[in-house]
Amino acid sequence: MIRRPFLVALVGSAALVVTLSGCSLLRGGDDPLPGPSRAASTPSAAPTDAAPDPDIENAALNPPRIAAGTLLTETDVTSPTGRTSIHVRVLADADGTFRTELSGWRSTESQAMTLEFRRSVPKPSDGYGTPYGQVQWAAGQTPPASTRLDGVGARPDFLESVVLMPTVTTDSDGSVDSASWAGHVLAVAPLTWHVPTPYPDMHVTLGEARPGAYGIVSAQGGRSADYLVAHGDDQVTVAKRFGVSIPELRWMNPDMRTLNGEWLIEGTHLNLDPQGR
């Protein structure tokens, strides 16, 4: 993935400014940084039947689409013995989605197989991880030539590897049919993405807690700034608190989930570090 230089500046003991990418839709939040504690006020409950927020309805919630047919990454996934191998490509489609193209499949093992993408780079023989874009095929069959790469939002370049795993299967009589190495990584390849950062001028500012954005800011999991979502937080107000647009917030958090397309999930974590996505 092509990344541009960024600047992290610490102000006092808790403030953070990160310079990165794009034009901001819902700017604001150059307020003093709150301390790392929950605000004394109790935010109101997030309604489940509230009218849609016009800020969300009028916003383009994702970065601009990548031109259809653009090759985003390409690699060979080969087992350490060299007996199993497949060629993997990821391309952009016209509707803003992505597809995985598979070719050159060969293996001396007759075993059902799963290909999946991950946010980390496991080692051969490692076990299960959080999968994205799984593709499966039965023993003795060839993999599909093209499948949709779902669940990756508007940019798939947060994924760091593609993995082959022999699949645990169940026979018609209900018995489990699997080799001893099924469910473990057989082959893995790190990914190099050719996807420019969509927001090269993004500027994240840690603003004060406010109704709709009462969460706690801290450093966590290798991120220089992490946000713990509070009850009643919504993505519009959280974006305003940190001086970014909704698309920028969603780009930094490809796994971000919402209720009714607006309310954030209490207790989940949001990344505020563009390099930590």
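FYI, it's all coordinate maths here, none of it is from the lab. Computed from a predicted model, the values in this text were never measured in an experiment. Cβ coordinates were reconstructed from backbone atoms using ideal geometry, including for glycine residues, and neighbour counts include every protein chain displayed.
Considering only the Cα atoms of the range 189-277, their convex hull presents on average a projected area of 6.4 nm².
Could you calculate the FRET efficiency of Asp93 with Glu208 from 1/(1 + (r/R0)^6), where r is the beta carbon distance between them and R0 is 45 Å, rounded to 0.05? Please report the intermediate quantities before stating the final value.
Details: r = 41 Å, r/R0 = 0.92.
Efficiency for this residue pair is about 0.60.
Extension gain, Gln275-His194: 0.36 nm per intervening residue step, less the Cα-Cα distance, totals 27.6 nm. Restricting the range 182-259 to trypsin sites (Lys or Arg not before Pro) that sit in a DSSP loop and have at most 12 other Cβ atoms within 10 Å of their own Cβ leaves Arg257. Here the spin labels are modelled as points 7 Å beyond Cα on the Cα-Cβ line, and at Arg83 and Ala67 they lie 4.4 nm apart. With K and R counted +1 and D and E -1, the other residues having a Cβ less than 13 Å from that of Arg148 yield a net charge of -3.
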